[in-house]
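Taking it in order: structure first as structure tokens, then the write-up.
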Amino acid sequence: MDALEIKNLSKRQGTFHLDSVNLRLPGGCIMGLIGENGAGKTTLLRLILQMRRKDCGTVTVFGQDTDTALCSMKEDIGVVLDEVGFPECLTAVQVGKILKNTYHNWDDGVFQSLLQRLSVPADKPFKAFSRGMKMKLGIAVALSHHPKLLLLDEATNGLDPVVREEILDILREFTMSEAHAVLISSHIVSDLEKICDYVAFLHQGELLLCEEKDRLQEIYGMLQCDAEQLREIDSDAVLGKRISPYGVQAVVRRDAVPASLTLGAVNLEELFLFMIRGENV
């Protein structure tokens with residue numbers, strides 16, 4: 001069963017339009033949501049959680065429509081948004097005591113273990129936390145009520161590389177169960193490249209692609225050539241190109257490239273940049 005399925009989800013707000021998003025996240029998988037600021041990543045996550053009212057479309061979590069069943073499934077969804085908010089006077093221990101009476105599935109043993117693992121101070125007031133420390137507390141809370149689906153919005157931002165790697169390890173462990181899944185947005189594309197099974201590209205409210213990460217390497221490649229060689233390739237197979245005095249660098253569909261030309265691998269960041277900027281990379 002898919003952990004998350006979105007069909008034709010749309011939202012217009014002022015000049016911004018999230019336009020007919022369709023994606024599927026299978027159980028046991030991590031999907032990375034990539035897009036520039038204002039692309040619609042946070043809007044999409046808030047629509048899933050019904051923190052904003054959608055114009056049309058459907059969202060199902062483990063087969064249940066969120067329009068009718070979100071309240072009953074909130075225990076199954078762990079959330080860390082771009083701003084983690086707890087009362088500033090509370091310590092991490094006090095946050096845990098309150099949430100113990102909020103979530104039926106709250107596991108104080110898991111919470112204490114995560115606080116220790118992520119080096120979150122137990123008795124320091126929240127107002128004294130750095131942004132990174134707030135994110136770590138948010139992640140510990142999200143995982144401590146035994147969720148099935150994690151929704152993380154820029155949850156690794158503000159964390160140093162060592163702690164980010166620890167978070168990635170925790171997410172890998174979480175999705176060892178096919179009953180679990182993660183949807184995570186991040187500006188740190190290298191983090192997503194390490195852990196994601198699926199990738200979704202959002203640009204100006206439009207979902208450009210949603211595909212298995214390994215499949216993207218099979219479909220697309222990086223071509224180093226001259227302008228004449230590039231003209232041999234169908235223009236529809238060229239996602240984007242960068243022209244310099246030293247030649248042409250282009251992201252292309254592998255199946256459209258003559259065997260005489262050698263293709264290199266393309267990483268997620270390059271693929272995204274070439275897709276959204278076309279000839280202006």
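Derivation of every value follows stated rules applied to the coordinates shown; laboratory data play no part. The structure presented is a predicted model; accordingly, all values stated were derived computationally and were not measured. Don't worry about glycine lacking a Cβ; one is built from the backbone with ideal geometry, like all the others, and counts go over all protein chains shown.
Once divided by 2.2 N^0.38 Å, the Cα radius of gyration of the chain becomes 1.11.
On the beta carbon distance between Gln64 and Arg12, with R0 = 35 Å, the FRET formula returns roughly 0.85. Across segment 217-280, Cα pairs under 8 Å and at least six residues apart give a relative contact order of 43 percent. Whole-percent P(r), segment 140-281, all Cα pairs, 5 Å bins from 0: 2, 9, 17, 18, 15, 12, 10, 7, 6, 2, 1, 0.
For segment 195-225, backbone nitrogen atoms closer than 16 Å to the point 7 Å from Arg254 Cα along Cα-to-C-beta are found at 211-224. Selection among Ile98, Leu118, Gly132 by position relative to the dipole of segment 89-148 gives Gly132 as farthest towards the positive end (Cβ unit charges, Cα centre). Over the C-alpha trace of segment 1-148, radius of gyration and Dmax come out as 16.8, 47 angstrom. Taking each DSSP H run with n ≥ 4 as -39500 (n - 2.57) and averaging over every residue of the chain yields -9000 deg cm²/dmol at 222 nm. When the listed pairs Lys148/Lys194; Lys11/Lys127; Lys74/Lys124; Lys100/Lys124; Lys11/Lys100; Lys74/Lys97 are checked against a 25 Å cut-off, the alpha-carbon distance exceeds it for Lys11/Lys127; Lys74/Lys124; Lys11/Lys100. Take every pair of alpha-carbon atoms less than 8 Å apart whose residues are at least six positions apart; their mean separation over the length of segment 25-135 yields a relative contact order of 20 percent.
Fully extending the segment from Asp226 to Met1 would add 76.3 nm, taking 0.36 nm per residue of separation and subtracting the current Cα-Cα distance. Normalising by the residue count of the chain, find the relative contact order in percent from Cα pairs under 8 Å and 6+ residues apart. Averaging sequence separation for qualifying contacts and normalising by length gives 21 percent for the chain. Length available on full extension from Arg131 to Asp160: 0.36 nm per residue minus the Cα-Cα distance, which gives 9.3 nm.
Rounding to the nearest 20 debye, state how big the charge dipole of segment 122-180 is about its Cα centre with +1 on each Lys and Arg Cβ and -1 on each Asp and Glu Cβ. Display every interim value, and only then the final one.
Numbers: 8 positive and 9 negative charges, 63 e Å.
The calculated dipole for segment 122-180 is roughly 300 debye.
For Ile6, Ile98, what's the fewest-to-most ordering of other Cβ within 10 Å of each Cβ? Can you show the working numbers first?
Values: Ile6 26, Ile98 12.
Listed from fewest to most nearby Cβ atoms, that is Ile98, Ile6.
As an exercise, use a Förster radius of 45 Å and the Cβ-Cβ distance of Cys56 and Asp236 to find the FRET efficiency, rounded to the nearest 0.05. Efficiency, rounded to the nearest 0.05: 0.90.
Kindly put His145, His203, His187 in sequence by how many other C-beta atoms sit within 10 Å of each C-beta, fewest to most.
Details: His145 21, His203 18, His187 14.
Fewest to most other Cβ atoms nearby, the residues stand as His187, His203, His145.
Answer rounded, prolate or oblate for segment 84-198, using the Cα gyration tensor with square roots of eigenvalues a ≥ b ≥ c: rounded when a/c is under 1.5, else prolate when a/b is larger than b/c, else oblate. Oblate is the answer for segment 84-198, as a/c is 1.5 or above yet b/c matches or exceeds a/b. Loop sites by DSSP among the GluC sites (Glu not before Pro) of the chain, restricted to those with at most 12 other Cβ atoms within 10 angstrom, leave 89-177 as the longest stretch without any of them.
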